[in-house]
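In what follows, a single structure is set out as C-alpha cells and then discussed.
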Amino acid sequence: MVIAPFLLATAAATAVPSPPVATPPNLLLVTLDTTRADAVGAWGASDASTPVLDRLASLGVRFTTALAPAPLTLPSHATLLTGLDPPEHGIRSNGGERLDRRVPTIAAALADAGWATAAVVGSRVLDRRFGLDHGFASYDDRMPAERIGEHGYAERDARAVTDAALVWLADQPRGTPFLLWVHYYDPHAPYTPPAGFGGSGRRAAYLGEVSFVDAELGRLLRALPGGLEDTVVVVAGDHGEALGEHGEEGHGVFLYRSTLEVPLLLAGRGLPAGVVVDRPAGLRSVASTMLRLAGLPGHELARRPALPLSVPGWGTTDGEPLYAEATLPATAYGWAPLRAVVSEGLKYIEAPRPELYDLAADPAEARDLAADRPTDAARLAELLDRRPGGAVGPAPEVDPATRAALVSLGYVDGTSANDGIDPKDGIELLAGLETATKQLRSGDTAAALRRLSALAARNPANAPLQTRLGEALLASGETEAGLAAYRRAAELQPRSEFARRNLGDAMAELGRLDDARAAYREAIDISPRWAPPWLRLADLAPDPGERAAILGRAAEVGVDSLTVYLRLAEAELDANPTASLATCRRIAELDPAAAEGALCEGRARLALGDRLRAGALLRRAAVLGRGTAVGDEAARQLEAMTAADGR
C-alpha cells in the first residue's frame, strides 16, 4: 500500500494545535460500518492490514476505547450526526423510524454557516427516507448494483462509494469549505472481499473487507484539496461485529465490547499528532467536536460534551457515563430489549438477568459480577434510570412524487409483541432456527417443521421464526397455517418491507395473485426504491404493456437497479424499440462495464434496423461477458445476425 504523500508530510505540521485562521477547515467524516476496534492495526490487530488507517491514527488523536450507542447502523449514525443518544433522537432500529427534521444535525448547522455539504453512503440502510439527509445539499444513496447484504438492504462496495465521493469533490470550488460524509459498508456480512484482500476463514475474510475499505480510504485521502493542512478528518466505526463471541455471529443482539467498541480517530488542521486517549469516549461527542473544530462553538449542538482531544484550552470534555441500547432483540425476535451504561471502568447491562463487568480486570466480559457487587450494580442501574426516556421517531415518509407514482398503481396507505426472553437465552433459539433452516433447505421438511413448531411455542413473537415456520408449513401442505405464520410475521414487524415481500412470495406461489399484488404494493409503499417487490409485481403483470408500466414507475421513483432496467427494456422492445434503446442507455450510465447493457442496446439497435451498431455492441457484450450466460447469449445473437446477413 502506498501512503498518500501528504499523509507523510503533515506530521510535523499537526504536532501542535494550529492557531485560529480566517478560512475555516474542510471536514471529512468517514464512517466504517461493522468495524470493531480490533480489526484495525493501530488498535492492536496483528492480523489486520490497514496501513492508511494506522498512519492516519499516528498523525492525529486516536481513542483506544470509543463506544457506539447501539450495535446497529441507522441509530448509531443518527447519534454521530446529532450528538444525541437513540432515546433522544428517536432512531431506535434499522428501518423503523426517521429522524425528525426539528432535530439539529451537524450538516444542517454547517450548511447554514456556508459550508457545502454532501454525503455518499454505501447501503440503503441509510436511505434518505430515514431522515439522515437533513442538511446535506447532496445525499448520494444510489445503489445501482442492488446487491443484497445483511438485513437484505441493497449496497455498493467501497470502490463505488469512493468513485462517487471523488466526483463530488472534483466539482467543488476552491475557497468554499465543505463537509463530506463518506460511509463504507463492506465489512457487513456476507464477507466477500475482492481478490487480493483477506484469506481463508471467517475472520480473515472479514478483515479482508476492512482492508479493502482501508485501501479505498487512501484513494479518497489522496484527493483531498489541501490535504490534512486544510481538512479535519474524522474516522469512526458505527458498531462492531461479534464474530461468534458470546454466541453471537453478527451484531445487534448484545451490548458487549465486540459490537460496541469501534475505531475513532481525528487528524488534520488544529489537531496534535501521535496522541492516544485512553479515556472511554462516546460517538455522541463527534458532532459537537466537529463543529468546534470548524469554528462554530456557539451552535447549540457544539455546546454538548465534546471529545477529550488533549488540546490546550479545549474546555469541556466528555466525562459523563456512556449509554448504549439494543432494541433488535425486541423488534426482530420478541425478546427483552437491552440497555447498558459504562462508568468508572464498569459496564452494567439491564436485562431480565442484569450483568455487571469490570472492564479493566475482565476485558473479555466473561465474569458477571452483578451478584457479587450489588451496590455497584444498583448505582449504575440508577444512572440508566436517569437517561432520557424512550422517544421513538416517526415512521419513514414517502415523498409526494414517489407517492403519486404509487397511487397510479392503486396503492393505499406498530410496536412488536414481546415474549420477555433474556437475549442470553434467546441466542440459543437462533441457533435452533439456523439448524431448522438447514433441514428445510436439505429437504428434511418434517424434521424442520417439528423443530420450528417447538421454537415458535417458546418464542411466538419472533418474526424471522414465524417466516421460516410459514415456509415449512407450506412445504408440508398446510396452506392456511403457513399463510397465517407469514401474516403473523408481517404483523410483528409492521414497518418491514421484507416481511411483506415474503408474504407476497408465499401468496404468489399458491396462485393467490391479488393477495400477492397487495403484499408487494405494501412493501413498495414502505421502501419505494427497493427493487425486489417491483420486479415481483411486474412478474404478475398479464402482458408486456402493463409490465413496462410497472417497471417504468419503478424507474420514476428512483429504483437504480440494472435488473429493473433490463426487464423494462425487454418489455418495451417489441412495441417501442426506441424507448427500449433509451432504457438500455440508462444501464450503461449505471455501469459502463456491464455486459448486460451492451447486450440490451445491441438488441434494441437490431430491432431498429441499425445492424452495424448492433453488431459492435453484441461483440462488446460477448467480450465483457465472456464465460457467462450474458456473454453466451450475445455470441449467439451475433452469430445469428451474421448468418442472416450472409444469406
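The values are calculated or read from the model by the stated rules, or taken from the named source; none is laboratory data. The shown structure was predicted, so the numbers you read here are calculated from the model rather than taken from an experiment. Using ideal geometry, Cβ is built from the backbone for each residue, glycine included, and neighbour counts are taken over all protein chains shown.
Output the residues belonging to region 592-606 that are charged (D, E, K, R) and in contact with a Lys or Arg (Cβ under 6 Å, 6 or more places away or on another chain). If the condition is that a residue be charged (D, E, K, R) and in contact with a Lys or Arg (Cβ under 6 Å, 6 or more places away or on another chain), then Arg605 is the only one that fits. Within region 280-328, restricting attention to residues that are of a type in the set (Asp, Glu) and surrounded by fewer than 22 Cβ atoms within 10 Å (Cβ to Cβ), the residue that is modelled with the lowest pLDDT is Asp318.
From the list Thr289, Thr259, the lone residue that is in contact with a His (Cβ under 8 Å, 6 or more places away or on another chain) and either in a loop (DSSP other than H, G, I, E, B) or among the polar types (S, T, N, Q) (or both) is Thr259. Considering region 521-557 alone, what residues qualify as being surrounded by fewer than 18 Cβ atoms within 10 Å (Cβ to Cβ), part of a helix (DSSP H, G or I) and over 27 Å from the mean Cα position of the chain (by Cα)? Within region 521-557, Asp539, Pro544, Gly545, Glu546, Ala549 meet the criteria.
So, Asp85, is that one in the same structural domain as Pro280 (by TED's automatic domain parsing), surrounded by fewer than 22 Cβ atoms within 10 Å (Cβ to Cβ) and not hydroxyl-bearing (Ser, Thr, Tyr) or not? Answer is no for this residue. Look at Val277 and say whether it is of a type outside the set (Asp, Glu), at pLDDT below 95 and within 30 Å of Ala370 (Cα to Cα). So Val277 passes the test.
Contact map, region 575-600: residues that are closer than 20 Å to Asp141 by Cα paired with residues that are of a type in the set (Asp, Glu) and assigned to a helix (DSSP H, G or I), Cβ distance under 8 Å, separation 6+ or inter-chain. Pairs shown: Ile587/Glu596; Ile587/Glu601; Ala588/Glu601.
Yes/no per residue for (1) under 20 Å from Val262 (Cβ atoms); (2) in contact with a strand residue (DSSP E or B) (Cβ under 8 Å, 6 or more places away or on another chain); (3) hydroxyl-bearing (Ser, Thr, Tyr):
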site: Ala66; (1), (2), (3): yes, yes, no
site: Leu74; (1), (2), (3): yes, no, no
site: Asp100; (1), (2), (3): no, no, no
site: Ala108; (1), (2), (3): no, no, no
site: Ser123; (1), (2), (3): yes, yes, yes
site: Pro144; (1), (2), (3): no, no, no
site: Glu155; (1), (2), (3): yes, yes, no
site: Ala158; (1), (2), (3): yes, yes, no
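Determine whether region 107-121 contains at least one residue that is farther than 21 Å from Leu293 by Cβ, outside the structural domain of Ala594 (by TED's automatic domain parsing) and buried (at least 24 other Cβ atoms within 10 Å of the Cβ). Checked against the condition, which is being farther than 21 Å from Leu293 by Cβ, outside the structural domain of Ala594 (by TED's automatic domain parsing) and buried (at least 24 other Cβ atoms within 10 Å of the Cβ), region 107-121 yields at least one hit.
Note on region 493-520: residues that are over 25 Å from Arg129 (Cα atoms), small (Gly, Ala, Ser) and not in a helix (DSSP H, G or I) amount to 1.
Go through region 178-196 and give me each residue that's part of a loop (DSSP other than H, G, I, E, B) and either within 21 Å of the chain's Cα centre (by Cα) or crowded, with 20+ Cβ neighbours inside 10 Å (or both). Within region 178-196, Tyr185, Asp186, Pro187, His188, Ala189, Pro190, Tyr191, Thr192, Pro193, Pro194 meet the criteria.
Summed over region 35-57, the residues that are part of a helix (DSSP H, G or I), more than 23 Å from Leu72 (Cβ to Cβ) and either outside the structural domain of Gly201 (by TED's automatic domain parsing) or charged (D, E, K, R) (or both) give a count of 2.
For (1) surrounded by fewer than 20 Cβ atoms within 10 Å (Cβ to Cβ); (2) part of a helix (DSSP H, G or I), each residue gets a yes or a no:
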residue	(1), (2)
Val559	no, no
Gly609	yes, no
Glu639	yes, yes
Ala643	yes, yes
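Annotation: of all residues in region 461-482 being among the polar types (S, T, N, Q) and surrounded by fewer than 21 Cβ atoms within 10 Å (Cβ to Cβ), the one that is farthest from Ala448 (Cα to Cα) is Thr479. For Ser76, the conditions (1) crowded, with 24+ Cβ neighbours inside 10 Å; (2) in contact with a Ser or Thr (Cβ under 8 Å, 6 or more places away or on another chain); (3) of a type in the set (Gly, Ala, Ser) all hold with the exception of (2). Among residues of region 118-144 that are among the small types (Gly, Ala, Ser), those with a beta-carbon under 6 Å from a residue that is modelled with pLDDT under 95 at least six positions away or on a different chain give the pairs Gly122/Glu155; Gly122/Arg156; Ser123/Tyr153; Ser123/Glu155; Gly131/Arg98. Among the residues of region 77-91, just one is assigned to a loop (DSSP other than H, G, I, E, B), in contact with a Leu (Cβ under 7 Å, 6 or more places away or on another chain) and at negative phi, namely Ile91. Here Gly247 qualifies as touching a helix residue (DSSP H, G or I) at 6+ places or on another chain (Cβ under 8 Å) and surrounded by fewer than 24 Cβ atoms within 10 Å (Cβ to Cβ). Residues in region 453-478 that are closer than 17 Å to Ala499 by Cβ and among the hydrophobic types (A, V, I, L, M, F, W, C): Ala456, Ala461, Ala463, Leu465, Leu469, Ala472, Leu473, Leu474. Across region 230-256, the number of residues qualifying as assigned to a strand (DSSP E or B) and more than 20 Å from the chain's Cα centre (by Cα) comes to 3. In the set (1) out of contact with any helix residue (DSSP H, G or I) (no Cβ under 6 Å at 6 or more places or on another chain); (2) at pLDDT 95 or above; (3) among the polar types (S, T, N, Q), the condition left unmet by Asn26 is number (1). Could you go through region 124-138 and let me know if any residue there is within 24 Å of Ala287 (Cβ to Cβ), surrounded by fewer than 20 Cβ atoms within 10 Å (Cβ to Cβ) and modelled with pLDDT of 95 or more. There is at least one residue in region 124-138 that is within 24 Å of Ala287 (Cβ to Cβ), surrounded by fewer than 20 Cβ atoms within 10 Å (Cβ to Cβ) and modelled with pLDDT of 95 or more.
Any residue at all in region 592-602 that is surrounded by 14 or more Cβ atoms within 10 Å (Cβ to Cβ), more than 29 Å from Ser123 (Cβ to Cβ) and in contact with a helix residue (DSSP H, G or I) (Cβ under 8 Å, 6 or more places away or on another chain)? So far as region 592-602 goes, yes, one or more of its residues are surrounded by 14 or more Cβ atoms within 10 Å (Cβ to Cβ), more than 29 Å from Ser123 (Cβ to Cβ) and in contact with a helix residue (DSSP H, G or I) (Cβ under 8 Å, 6 or more places away or on another chain).
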